[in-house]
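Read through the structure below, which is laid out as structure tokens, and then see the notes.
The values are calculated or read from the model by the stated rules, or taken from the named source; none is laboratory data. In this text, all values refer to a predicted model and were calculated from it rather than measured experimentally. Every residue, glycine as well, gets a Cβ built from its backbone with ideal geometry; the counts of neighbours run over all protein chains shown. Heads up: the accessible areas ignore ligands, DNA and RNA and are worked out on the full protein's heavy atoms, side chains in. Shrake-Rupley method; radii C 1.70, N 1.55, O 1.52, S 1.80 Å.
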Amino acid sequence: LQAGLVYIPFANTSLYTNYSESFLPQGTATIGRGGPFQPETGRQYEFGAKREWFNNRLSSTLAFFDIRRRNILVVDPNSASAFFIPIGEVASRGAELDIIGKVTDRLNITANYTYLDAKVTEDTNLNRVGRRNENAPRNSTNLWAYYQFPFWNLSAGVGVSYLTRRPTFDTLVIPGYTLGNASVSWT
């Protein structure tokens, strides 16, 4: 199920909202006593604004979201056979800012920032309730520049991504990191 609404108050600005529900069968995974898992389900609310700037050479999107997912499978920490167990519900709320710009006819940039507050809200293991969801960074950002050369249909790009530290369901914490990227393409 998906539904959305867009309102355009000005020629270069739009406000939007949407709602969606998801359903993901868990395949043939079993609990260990022979029964299949319930499907993962979810629902999402989102609202935001999009705007074009400088004769459509720059666009920006600011979005706020609330996502709830139920029956998410994780590896059972108490099982030597690596069985899966479902956790009850994870709530993810946050905001995202995207900026895409055409600096010149050949140079494009993309930048984004995401703030994510992802917590376990229901679980059979009460120690997890209220904790940050596993492997979910609170902050992440990306910056990418892409250049189209005037010869040989050659393009090149460079980018950098940064993610803050991420917890696991045990006592480990994955430290934050910065990752550099580069690409070359020919068409």
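Just one of the listed residues (Arg69, Arg43, Arg93) is in contact with an Asp or Glu (Cβ under 7 Å, 6 or more places away or on another chain), assigned to a strand (DSSP E or B), modelled with pLDDT under 95 and open to solvent by 30 Å² or more (accessible area, probe 1.4 Å), and it is Arg69.
Scanning region 148-185 for residues that are within 24 Å of Thr121 (Cα to Cα) and aromatic (Phe, Trp, Tyr) yields a total of 1.
Which of the residues belonging to region 96-135 are of a type in the set (Asp, Glu) and not in a strand (DSSP E or B)? First the steps, then the outcome.
Applying the first criterion (of a type in the set (Asp, Glu)) to region 96-135 yields 96, 98, 105, 117, 122-123, 134.
Asp105, Asp123, Glu134, listed by residue number.
Among the listed residues Lys50, Lys119, which satisfies the condition of being open to solvent by 30 Å² or more (accessible area, probe 1.4 Å), over 30 Å from Tyr7 (Cα atoms), without any contact (Cβ under 8 Å) to a residue 40 or more places away in the chain and not polar (S, T, N, Q)?
On inspection, the qualifying residue turns out to be Lys119.
The set of residues from region 149-173 being open to solvent by 60 Å² or more (accessible area, probe 1.4 Å) and either in contact with a Lys or Arg (Cβ under 6 Å, 6 or more places away or on another chain) or of a type in the set (Asp, Glu) (or both) comprises Asp170, Val173. When the residues of region 99-114 are narrowed to those that are surrounded by 15 or more Cβ atoms within 10 Å (Cβ to Cβ) and of a type outside the set (S, T, N, Q), which ends up farthest from Arg69 (Cα to Cα)? Ranking the qualifying residues of region 99-114, first place goes to Lys102.
Does Trp186 qualify as being of a type in the set (A, V, I, L, M, F, W, C) and farther than 30 Å from Gly42 by Cβ? Criteria met by Trp186. Just one residue in the set Leu24, Leu5, Leu15 is open to solvent by 60 Å² or more (accessible area, probe 1.4 Å), at pLDDT 80 or above, more than 21 Å from Thr114 (Cβ to Cβ) and touching a Phe, Trp or Tyr at 6+ places or on another chain (Cβ under 8 Å); that residue is Leu5.
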